[in-house]
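Just so you know, all these numbers are worked out from the coordinates, no wet-lab data involved. What you see is a predicted model; the values in this text were computed from it and never measured. Cβ placement follows ideal geometry from the backbone for every residue including glycine, while neighbour counts extend to all protein chains displayed.
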Amino acid sequence: MPCAFIILKYACCFACCMKRALLMIVAVAVAALLLAGCSSSTQKGDLKMTKDTVVIETSKGTIEVQLNREKAPVTVDNFLRYANAGFYDGTVFHRVMPGFMIQGGGFAPDGTQKPTNEPIKLESSNGLKNELGTVAMARTIVPDSATSQFFINVADNGFLNYAPGNDGYAVFGTVTKGMDVVNVIAAVRTSSRGENGNWPVEDVVIKRVYVKN
């Protein structure tokens with residue numbers, strides 16, 4: 001009987017130890033899952049924060065633009081390259097057409113056109129439309145000719161969209177703040193400066209373009 005009692009006693013102790021060990025394993029597993037969830041949330045938050053928003057400070061007020069890198073990666077990288085280099089600082093909105101668009105990013109106030117980088121590939125078939133408040137790249141009649149100049153649509157300009165037989169103009173962002181400023185610029189009085197028509201009589205200066213933190 002004493003031997004049986006001792007065996008039973010140690011069996012009970014062993015069972016208790018195993019139970020505690022299992023509880024510890026479960027606790028560690030739960031903690032790991034919770035930590036993994038926190039890590040995943042943080043990563044999602046970080047990805048959300050990496051969305052490109054640029055601020056365009058002008059003599060008429062500030063405009064904020066959300067860039068769409070997913071749909072227009074080449075165009076967004078190109079625009080940010082100019083912005084980060086300070087290229088746009090001190091340029092003007094040189095072409096203003098109410099009911100259509102405002103265009104800038106290529107000329108100094110004296111009418112001098114700034115030298116640019118090489119033209120980029122046209123991304124007009126990305127599904128983004130030239131609608132009110134969207135931002136697109138200006139170009140010549142050659143499809144892959146956009147460099148630094150951009151325009152902001154002040155109306156739905158469907159005829160600028162890509163379609164069979166129409167190369168279109170590449171939209172790469174949307175105004176998220178300051179559309180009232182855009183409308184003020186669109187309403188300024190214009191004239192001609194040199195060979196350029198629709199040039200604001202009073203310069204609308206782009207003071208600075210930078211990525212919002």
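Ranking of 75, 190, 147, 53 by neighbouring Cβ atoms within 10 Å, starting from the fewest: 53, 190, 147, 75. Dipole magnitude for region 53-211: about 100 debye, using +1 per Lys or Arg Cβ and -1 per Asp or Glu Cβ, origin at the Cα centre.
Close amide H contacts of residue 173 (hydrogens built in the peptide plane, cut-off under 5 Å, sequence separation of 5 or more or a different chain): 68, 135.
Relative contact order for region 120-213: what percent, with Cα pairs under 8 Å and sequence separation of 6 or more? Please report the intermediate quantities before stating the final value.
Numbers: 146 pairs, mean separation 24.0, N = 94.
Relative contact order here is 26 percent.
Beyond 19 Å in Cα-Cα separation lie the following of the pairs 177/212; 71/207; 71/177; 114/207; 121/177; 51/121: 71/207; 71/177; 121/177; 51/121. Placing R0 at 22 angstrom, the Cβ-Cβ distance between residue 112 and residue 142 gives a FRET efficiency of 0.45 after rounding to 0.05.
From the square roots a ≥ b ≥ c of the eigenvalues of the alpha-carbon gyration tensor of region 68-139, which class results: rounded (a/c under 1.5), prolate (a/b over b/c), or oblate? Oblate, since a/c reaches 1.5 and b/c is not below a/b. Between residue 92 and 105, 106, 107, 206, the built amide H atoms are under 5 Å apart, and every one of these is 5 or more places off in sequence or on another chain. Amide H contacts of residue 190: 201, each under 5 Å away and 5 or more positions distant or on a separate chain (H built 1.01 Å from N in the peptide plane; Pro and chain starts excluded). What shape does region 78-182 have by the C-alpha gyration tensor, where a ≥ b ≥ c are the square roots of the eigenvalues, rounded means a/c under 1.5, and otherwise prolate means a/b greater than b/c and oblate the rest? In terms of gyration-tensor shape, oblate. Summing charges over all other residues whose Cβ lies under 14 Å from the Cβ of residue 133, with Lys and Arg as +1 and Asp and Glu as -1, gives -2. Exposure proxy shown here: for 180, 89, the number of other Cβ atoms within 10 Å sets the order, fewest to most, as 180, 89.
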